[in-house]
Every structure is written in C-alpha cells, then in structure tokens.
C-alpha cells in the first residue's frame, strides 16, 4: 500500500550560506548538467526510454507480454533510440564474479528441471549463470534477437499489468522478440555514441535497511565505474548520467567522481518515490527530503514519480530554484498530454515506456507552435523559465 506523500517543500536559503558559496554551488551544478541535456531544438524536455522500449508488462491476452522486446536488452534499447529517445534508461547490477549486467528486479526467478521456481539474486550468480538464463543460439554472432528461440528461457516473473496492477502468480517471462541478457560493456559497444545512457544503479537492499553497507555500495560501484572508464575516454562524446534510489550510492558515487575530477562529466540524479513506497530511510519518503538530499549531496537533480509531480507542481520551481534538474518516471508518462504539461512546468526529461507515441506527440506539438522539426533536448545549464502561476496550485491547498 502506498504511503501518503509529504507536500512540504524546502525553502531555498542561498543567502544564508554566503553569496560566493552560492555562486560556486550554482556554477558546479550547471556544469554537471551540461552532459545531461544538449541544446538541439526548442523543446525543454527530452524523452528517455524506460529500460529501453519499456518495462515488460502482462496484457489481457494470456501469455502475451508487452512490449515485444525483453526489457533491459540491447535490442530494446536500440529500438527506443530509433523511436525518438535521446537517452535510454536501464538498470545495472553486479554478478558474483564482479561483472556489471543489466537487470531490474531484486530477484532472479527461474524454473528448475521440474518446473519449480528457484529464487536468486544477481549477486549470487556468476556471469556464465546469468547469461545462461536467456541462452544465445549456437553460432549466432550478433545480439539482434533473430537467432533466439522464443521459449528457451526458464525465467519467471510476477508481472505488473498495463493498468498498473500487480499480478499474483508467477508467469513465464517469454517475449516475442527476445535477446540475450547483456553486460554493461555490451551496451556501450552496441549503441551509437549519440545515444545517451542513463545508468540506474539498482540496489537489492531491503527497504528495512536505513543505511546501505559501505562494502555493498563499493561492490557495486567499482565494476560499474571501471566499465565506464574503459568505454568513455577523454575524446568520447557519449553522454552518460547515473541515477539510483539509494542516497548512499549517490553520495558515494559523487565522492568517487570528485576524486577522479569527473564530477562535471557524469551527472548524478537521485531517484525517489517521494513517499509512494514505504522505506525506513526518511531521505526517500517525501518531496522535501528528496530535494534536500540531492542538494546537500551536490547532485545534479532528482527523478520523481510523474503522479507526485503532477499533483504537487510547485516542486518543479522549488527544485529549479536551487539549480536541480528535474526528471520524472511512471506510467503516467505514457500519456503524451501529461508529458507536455510537465514540459510547460520546466521538467527536463521524462522516462517513458511508449517512446514512439510520446516522441511523435511532442514533435507534432512543437511543430504546431514554432515550426520546429523535432522535439529537441533542453540544455539544463540554462535555467528554465518559471512555470505559469495560473497552472500551479499552492501546496497544502
């Protein structure tokens, strides 16, 4: 059951810490945001593909999973990029033998030889064991999914459906256009450099743990950063941003990047449910805490549920007033009008499942307004205009 969302917003008190510090802080945050959004058009919002072309959901037709691509695979990410996404968002975990791979769920559930479900963590599996869950056909040389038989995977899942309801039974995780489970390195190698990557560091730590153990944070960060270092050199034009629901991960990552003098090269976004999901860590449980945590840690911005933002529109102005970028996620972002409304409020990115639908809508809307040919991507180093007062209802009203 979702918890109530705190509506109190922090007041930006820049003067209290002195004008010089305020100037330095603002410059630092603006510099961090330069790699997050690029000015290629007039629109102020960019579309990011959620787990590529969307998270896998159950449909009303038994055995049919939407979309046709397996989430968090190269094929899904490539499809999102060609459908209009300027960034692709995906979840990264680390295997037992220290390899960064793409996987969202806290558990890996696979049927054994008798059909019984076996529950594991990605951290319990070697890379070989993980890759074997969706085997690549012998002799196949590329990850386009064409050579993968549909029903070879033992994977099971308790799916959410397209209406947002959680199903109660485990079902075979079989998709129409399958692809092998990729490493993070394969994503860097397989996607063109002009496709931005949003690397969500996915922690499988229970919500009863207030502070993530430092050794677990380091176990995750070390191979991920090593992989990024290998693929994003000084001359690379690849845009990469990090995000996590875990504030301890965001803080440790910010510290690691600062030690490498890379804090301006790789923006870090704090993901938060703003109270939609119960958690013992109070930093994750309100709008106020979300903004304050990101600001105190020197992060680039926040990523919040679209449902929360649309009900608390003041939070955009509050975050932007302290130079935090704002992005959103959630099924509400599959309604193009909701995304357009967020753009008008100053939201800079929307993580969506229906990439083509939303991208085409924004493109057509922008063309009708200004004659532009595409929806463009905002440059977050330029503060957004304040949203129209008439469209923002005061909190607590």
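Just give me the residues in region 171-195 being loosely packed, with under 14 Cβ neighbours inside 10 Å and part of a loop (DSSP other than H, G, I, E, B), in sequence order.
Correct list: 176, 192, 193, 194.
Quick test of your reading of the structure: residue 380 fulfils all but one of (1) closer than 26 Å to residue 276 by Cβ; (2) more than 20 Å from the chain's Cα centre (by Cα); (3) at pLDDT below 95. Name the failing condition by number.
Condition not satisfied by residue 380: (2).
For region 59-86, how many residues meet the condition of being modelled with pLDDT under 95 and buried (at least 22 other Cβ atoms within 10 Å of the Cβ)?
Count: 0.
Please list, ordered by first then second residue, the pairs with beta carbon atoms under 8 Å, 6 or more apart or interchain, first in region 111-138 and without any contact (Cβ under 8 Å) to a residue 24 or more places away in the chain, second surrounded by 15 or more Cβ atoms within 10 Å (Cβ to Cβ) and not in a loop (DSSP other than H, G, I, E, B).
118/109; 118/110; 118/111; 119/108; 119/109; 120/108; 120/109; 120/110
If I filter region 237-259 down to residues being out of contact with any strand residue (DSSP E or B) (no Cβ under 6 Å at 6 or more places or on another chain) and under 21 Å from residue 349 (Cβ atoms), which single residue comes out as surrounded by the fewest Cβ atoms within 10 Å (Cβ to Cβ)? Steps first, answer last, please.
Residues of region 237-259 out of contact with any strand residue (DSSP E or B) (no Cβ under 6 Å at 6 or more places or on another chain): 237-238, 246-248, 251-252, 255-259.
So of that shortlist, the ones also under 21 Å from residue 349 (Cβ atoms) come out as 237-238, 246-247, 257.
Values: 237: 9, 238: 17, 246: 24, 247: 23, 257: 21.
Selected residue: 237.
State all residues of region 196-225 that are free of Cβ contacts under 8 Å to residues at least 60 places away in the same chain and assigned to a helix (DSSP H, G or I); if no residue qualifies, say none.
214, 215, 216, 217, 218, 221, 225
For the list (1) surrounded by fewer than 16 Cβ atoms within 10 Å (Cβ to Cβ); (2) assigned to a loop (DSSP other than H, G, I, E, B); (3) at pLDDT below 95, I need the number of the one condition that residue 28 fails.
Here residue 28 clears every test but (2).
What pairs can you find where one residue is in region 345-359 and farther than 25 Å from residue 319 by Cβ, the other is assigned to a helix (DSSP H, G or I) and modelled with pLDDT of 95 or more, and their Cβ atoms are less than 8 Å apart, with a gap of 6+ or different chains?
If the second residue must be assigned to a helix (DSSP H, G or I) and modelled with pLDDT of 95 or more, the pairs left are 354/334; 357/334; 357/336.
Report whether or not residue 296 is under 16 Å from residue 322 (Cβ atoms) and without any contact (Cβ under 8 Å) to a residue 40 or more places away in the chain.
Values: under 16 Å from residue 322 (Cβ atoms): yes; without any contact (Cβ under 8 Å) to a residue 40 or more places away in the chain: yes.
So residue 296 passes the test.
Could you check region 260-274 and list, in sequence order, the residues that are at pLDDT 95 or above and either out of contact with any strand residue (DSSP E or B) (no Cβ under 9 Å at 6 or more places or on another chain) or farther than 17 Å from residue 201 by Cβ (or both)?
The one that is at pLDDT 95 or above and either out of contact with any strand residue (DSSP E or B) (no Cβ under 9 Å at 6 or more places or on another chain) or farther than 17 Å from residue 201 by Cβ (or both): 274.
Of the residues 123, 132, only one is modelled with pLDDT of 95 or more, within 15 Å of residue 96 (Cα to Cα) and in contact with a strand residue (DSSP E or B) (Cβ under 9 Å, 6 or more places away or on another chain); which?
123
Could you count how many residues in region 229-244 are in a helix (DSSP H, G or I) and under 17 Å from the mean Cα position of the chain (by Cα)? Quick ask: steps written out before the conclusion?
Kept after step one, since they are in a helix (DSSP H, G or I), are these residues of region 229-244: 229-231.
Then drop every residue that is not under 17 Å from the mean Cα position of the chain (by Cα), which leaves none.
Residues flagged as in a helix (DSSP H, G or I) and under 17 Å from the mean Cα position of the chain (by Cα) within region 229-244 amount to 0.
Filter region 260-277 for residues that are at positive phi and over 17 Å from the mean Cα position of the chain (by Cα); which is surrounded by the fewest Cβ atoms within 10 Å (Cβ to Cβ)? So that I can check it myself, show each step before the final result.
Let us first name the residues in region 260-277 that are at positive phi, namely 261, 274-275.
Next, only the ones that are over 17 Å from the mean Cα position of the chain (by Cα) stay: 261, 275.
Values: 261: 8, 275: 22.
Once the filter is applied, the top-ranked residue is 261.
Output the residue which, of all residues in region 159-170 that are over 29 Å from residue 97 (Cα atoms) and in contact (Cβ under 8 Å) with a residue 12 or more places away in the chain, is surrounded by the fewest Cβ atoms within 10 Å (Cβ to Cβ). Walk me through it before giving the result.
Going through region 159-170, the residues over 29 Å from residue 97 (Cα atoms) turn out to be 160-169.
Going one step further and asking which of them are in contact (Cβ under 8 Å) with a residue 12 or more places away in the chain, we end up with 160-162, 164, 167.
Values: 160: 15, 161: 13, 162: 15, 164: 11, 167: 13.
In this case the residue turns out to be 164.
Which condition from (1) under 27 Å from residue 121 (Cβ atoms); (2) touching a helix residue (DSSP H, G or I) at 6+ places or on another chain (Cβ under 6 Å); (3) modelled with pLDDT under 95 is the one that residue 217 breaks?
Result: residue 217 fails condition (3) only.
The values are calculated or read from the model by the stated rules, or taken from the named source; none is laboratory data. Keep in mind it's a predicted model, so treat the numbers as computed, not measured. Every residue, glycine as well, gets a Cβ built from its backbone with ideal geometry; the counts of neighbours run over all protein chains shown.
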